[in-house]
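The values are calculated or read from the model by the stated rules, or taken from the named source; none is laboratory data. Just so it is clear, the structure is predicted and the values come from calculations on it, not from any experiment. FYI the Cβ positions are ideal-geometry reconstructions off the backbone, even for glycines, and counts take in every protein chain you see. Accessible surface areas use protein heavy atoms only, side chains included; no ligands, DNA or RNA. Shrake-Rupley method; radii C 1.70, N 1.55, O 1.52, S 1.80 Å.
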Amino acid sequence: MRGIKGKVAIVTGGARSIGAAIVRELVLEGASVAIADILTEEGEALARELGSQVLFSETDLRSDEQIERCVDATVKQFGRIDFLINAAASYHDKGFESSRADWAFTFDVNVFGSVVLLQKAHPHLVRSGAGAVVNFSSESAHAAQAKRWVYPCTKAAIEELTRSQALDVAKDNIRVNAVIPGWTWSAPIKKAHAENPEWVEQLAAQFHMSGRIGSAEELARAVLFLCSSDASLITGSMLPVDGGHLALGPQGTLELLPPK
Ligand SMILES: NC(=O)c1ccc[n+]([C@@H]2O[C@H](COP(=O)([O-])OP(=O)(O)OC[C@H]3O[C@@H](n4cnc5c(N)ncnc54)[C@H](O)[C@@H]3O)[C@@H](O)[C@H]2O)c1
């Protein structure tokens, strides 16, 4: 992909799952990466495995100080910042029962952290001359989901935020886009369905034109495309990376015509 080699990215949530796949793909394409995550063991192990192109910076996105430290450490080690990839998220959501504190916690991680990261990294993205931010929405922001009130709202907020951010930083040659993943293999899905992964694949088949759950690597390649200079005209966009999930209506993949 053009415009990735020699660049520097911060990947929040890069210690595992989709975020880790993005870190791996960036390194394969010749970029350097700072992983900003709270999972110290996983993050340090991934950085050790991938070598001098990767830095782990223990960063809780609820802390302005830690975000600033991450930005400083990235510039100190790699000399620049070109891309911010906001893959980190909390799925914390008690639906109807969610307290004010529950709402505040999930918004703090999923929305406010990425806003502060853009504020702190902005001077470096301006210097890049071809900065790119990729935010993470979710299919959850596009339909009612039982017992989930908070997480889908954070993702809906991210879509509107993406449009507003894109407009305000366009003058700095920074593009801001979001991906909308469908069901994607990751640590939470693997954990929830450890005993019966076939069952969740069968369930997903009804809701995705692809007939399957996506892989973290497929998500990562779409994120790299949005960072690359091949996407130079794309900003303020939401890109479904979902095997056709969002394009399906409530009847899913059911055929509505009677059999002949
Ligand atoms: N997996 C899916 O099916 C799916 C579907 C739609 C959207 N998404 C989105 O994709 C992204 C990646 O999700 P995933 O499924 O790989 O989840 P995951 O839980 O495996 O990864 C999320 C990462 O965020 C990190 N994180 C959580 N709180 C943090 C904090 N306070 N500070 C810093 N890092 C923190 C976690 O430690 C973890 O490494 C998320 O934004 C999620 O909303 C995933």
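Taken over the Cα atoms of segment 135-260, the convex hull encloses 141 Å³ per residue. Kirkwood radius for segment 76-159, taken over all pairs of different Cα atoms as the inverse mean of 1/r, rounds to 14.0 Å. Computed over protein heavy atoms with a 1.4 Å probe, the accessible surface of the chain works out to 50 Å² per residue.
If the elastic network links every pair of Cα atoms under 10 Å, which of Gln145, Gln66, Gln77 fluctuates the most in the Gaussian network model of the chain? So, out of Gln145, Gln66, Gln77, the one fluctuating most is Gln145. Shape summary of the chain, radius of gyration then Dmax from alpha carbon positions: 18.3, 68 Å. Using a/c under 1.5 as the rounded threshold, could you call segment 79-120 rounded, prolate or oblate? The axes a ≥ b ≥ c are square roots of the C-alpha gyration tensor eigenvalues, and prolate needs a/b larger than b/c, oblate otherwise. Here segment 79-120 falls in the prolate category.
Using a cut-off of 21 Å between alpha-carbon atoms, which lysines can reach Lys120, once sequence neighbours fewer than 8 places away in the same chain are excluded? Here the lysines satisfying the reach criterion relative to Lys120 are Lys7, Lys76, Lys171. Calculated mean residue ellipticity, 222 nm, the chain: -13500 deg cm²/dmol, from DSSP H runs (n ≥ 4) at -39500 (n - 2.57) each, averaged per residue and rounded to 500. Among rounded, prolate and oblate, which fits segment 1-142 when a ≥ b ≥ c are the square roots of the eigenvalues of its C-alpha gyration tensor, a/c under 1.5 means rounded, and a/b larger than b/c means prolate? Note, shape of segment 1-142 comes out prolate. For Val54, the residues whose amide H sits under 5 Å from its own are Val33, ignoring neighbours fewer than 5 places away on the same chain, with H placed 1.01 Å from N. Take the alpha carbon gyration tensor of segment 43-111, find the square roots of its eigenvalues, order them as a ≥ b ≥ c, and report rounded if a/c is under 1.5; if not, report prolate when a/b exceeds b/c, else oblate. The shape class here is prolate. Here the convex hull built on the C-alpha positions of segment 119-188 has a volume of 113 cubic angstrom per residue. Tally up the carbon and sulfur contribution to the accessible surface of the chain as a whole percent, 1.4 Å probe, everything protein left in place. Ligands and nucleic acids excluded, carbon and sulfur give 55 percent.
Could you state the number of Å between the C-alpha centres of segment 96-171 and segment 184-260? Answer, in whole Å: 20. Under a model in which nothing but the beta-carbon of Lys, Arg (+1) and Asp, Glu (-1) is charged, the chain shows a dipole of about 500 debye around its Cα centre.
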